[in-house]
């Protein structure tokens with residue numbers, strides 16, 4: 001087998017071959033899901049990540065992609081974004097050979113750990129465990145169907161106003177939004193060997209711009225105070241703005257504003273906003289850690305159902 005190191009961005013033919021591998025693998029491993037979006041897959045290959053450097057490898061029947069963090073707090077670790085082999089080519093050593101390329105790169109970069117998001121109960125988990133990965137954060141994917149008739153918008157809790165920002169958060173609110181992002185520090189992280197990098201307006205805009213540059217659509221809804229504070233926010237991304245599926249990114253309520261229904265309020269406002277802007281939207285997916293009981297309760301009240309178990313798996317070199 002021949003494994004090629006791809007430069008970024010790969011050629012159009014290489015990107016199409018990559019998409020074909022992912023499509024074939026997902027059709028067998030996760031047949032309940034729609035095929036991968038070309039816009040999303042090609043966008044991720046074409047535009048470099050904001051948090052680090054990408055390393056890509058491909059064979060005719062398999063691919064691997066690695067994110068090497070470059071922020072000072074996480075130069076010791078990395079994220080295995082994808083390692084996939086076409087089902088008809090499995091059990092011939094290709095997956096192991098791709099992993100060996102990944103491992104060699106991690107060692108050459110001086111990395112001491114690598115993590116990956118792995119669906120449980122299938123070949124991905126079995127392969128990860130065979131390599132020595134361990135599940136350090138138990139999670140699940142939850143899915144919400146976008147109703148044909150939306151529920152009424154909830155009353156905004158007294159003392160707050162709701163704002164909606166398609167695309168980048170406006171400069172006037174970027175510092176306040178970055179401070180609110182810091183409240184994610186108390187979200188469950190298990191034994192994941194990844195450290196929190198401070199949020200700044202520049203980092204916030206870089207992360208949001210990456211979604212847009214890769215062809216996606218991003219919307220943020222925030223509950224704000226008269227004093228200019230972002231008390232709560234939620235982010236939603238359509239990797240393909242013309243497609244029927246979206247991913248709920250962060251939903252955060254700043255600690256001193258909790259217990260007032262803001263988490264549910266921003267999510268309901270988001271549902272109304274994106275339904276109007278993206279009428280083809282049918283489902284919204286999100287991951288939640290099993291130990292994050294408050295967020296699971298909020299999602300349950302909004303009609304999210306547990307779709308499949310997953311976890312952050314980690315390997316120590």
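The values are calculated or read from the model by the stated rules, or taken from the named source; none is laboratory data. Source: prediction; values computed, not measured. Quick reminder, even Gly has a Cβ in these numbers, built from the backbone with ideal geometry, and neighbours come from all protein chains shown.
What the table below lists for this structure:
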{"quantity": "Extreme residue, surrounded by the fewest Cβ atoms within 10 Å (Cβ to Cβ), among residues of the range 259-275 that are farther than 13 Å from residue 164 by Cβ and in contact (Cβ under 8 Å) with a residue 24 or more places away in the chain", "calculated": "260"}
{"quantity": "Residue among 54, 73 that alone is at pLDDT 95 or above and within 22 Å of the chain's Cα centre (by Cα)", "calculated": "54"}
{"quantity": "Residue 260 within 23 Å of residue 297 (Cα to Cα) and not in a strand (DSSP E or B)", "calculated": "yes"}
{"quantity": "Residue 252 vs. criteria under 30 Å from residue 133 (Cα atoms), touching a residue at least 12 places away in the same chain (Cβ under 8 Å) and either assigned to a helix (DSSP H, G or I) or in contact with a strand residue (DSSP E or B) (Cβ under 9 Å, 6 or more places away or on another chain) (or both)", "calculated": "yes"}
{"quantity": "Any hit, the range 78-87, residues being in contact with a strand residue (DSSP E or B) (Cβ under 9 Å, 6 or more places away or on another chain), in a loop (DSSP other than H, G, I, E, B) and buried (at least 16 other Cβ atoms within 10 Å of the Cβ)", "calculated": "yes"}
{"quantity": "Verdict on residue 245 being more than 28 Å from residue 313 (Cβ to Cβ) and crowded, with 17+ Cβ neighbours inside 10 Å", "calculated": "no"}
{"quantity": "Meets criteria (in contact with a helix residue (DSSP H, G or I) (Cβ under 6 Å, 6 or more places away or on another chain) and within 19 Å of residue 125 (Cβ to Cβ)) for residue 85", "calculated": "yes"}
{"quantity": "Qualifying residue in the range 285-295 (condition: in contact with a helix residue (DSSP H, G or I) (Cβ under 7 Å, 6 or more places away or on another chain), at pLDDT below 90 and within 22 Å of residue 33 (Cα to Cα))", "calculated": "no"}
{"quantity": "Residue that is modelled with the lowest pLDDT, among those in the range 121-148 that are surrounded by fewer than 16 Cβ atoms within 10 Å (Cβ to Cβ) and in a loop (DSSP other than H, G, I, E, B)", "calculated": "148"}
{"quantity": "Test: residue 84 is over 25 Å from the mean Cα position of the chain (by Cα), modelled with pLDDT of 95 or more and under 12 Å from residue 62 (Cβ atoms)", "calculated": "no"}
{"quantity": "Near pairs, Cβ below 6 angstrom, 6+ apart or cross-chain, from the range 212-223 (in the same structural domain as residue 181 (by TED's automatic domain parsing)) to any residue that is in a loop (DSSP other than H, G, I, E, B) and surrounded by 22 or more Cβ atoms within 10 Å (Cβ to Cβ)", "calculated": "220/169"}
{"quantity": "Among residues of the range 294-316, those that are over 30 Å from residue 133 (Cα atoms) and part of a strand (DSSP E or B), counted", "calculated": "0"}
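Condition check ((1) part of a loop (DSSP other than H, G, I, E, B); (2) at pLDDT below 95; (3) within 23 Å of the chain's Cα centre (by Cα)) across all residues:
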residue	(1), (2), (3)
5	no, no, no
13	no, no, no
18	no, no, yes
23	no, no, yes
49	yes, yes, yes
63	no, no, yes
67	no, no, yes
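Listed here are the residues, each with its yes/no results for (1) free of Cβ contacts under 8 Å to residues at least 60 places away in the same chain; (2) assigned to a loop (DSSP other than H, G, I, E, B); (3) surrounded by 15 or more Cβ atoms within 10 Å (Cβ to Cβ); (4) in contact with a helix residue (DSSP H, G or I) (Cβ under 7 Å, 6 or more places away or on another chain).
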{"site": "45", "(1), (2), (3), (4)": "yes, no, yes, yes"}
{"site": "55", "(1), (2), (3), (4)": "yes, no, yes, yes"}
{"site": "58", "(1), (2), (3), (4)": "yes, no, yes, yes"}
{"site": "95", "(1), (2), (3), (4)": "yes, no, yes, yes"}
{"site": "99", "(1), (2), (3), (4)": "yes, no, yes, yes"}
{"site": "102", "(1), (2), (3), (4)": "yes, no, yes, no"}
{"site": "107", "(1), (2), (3), (4)": "no, no, no, no"}
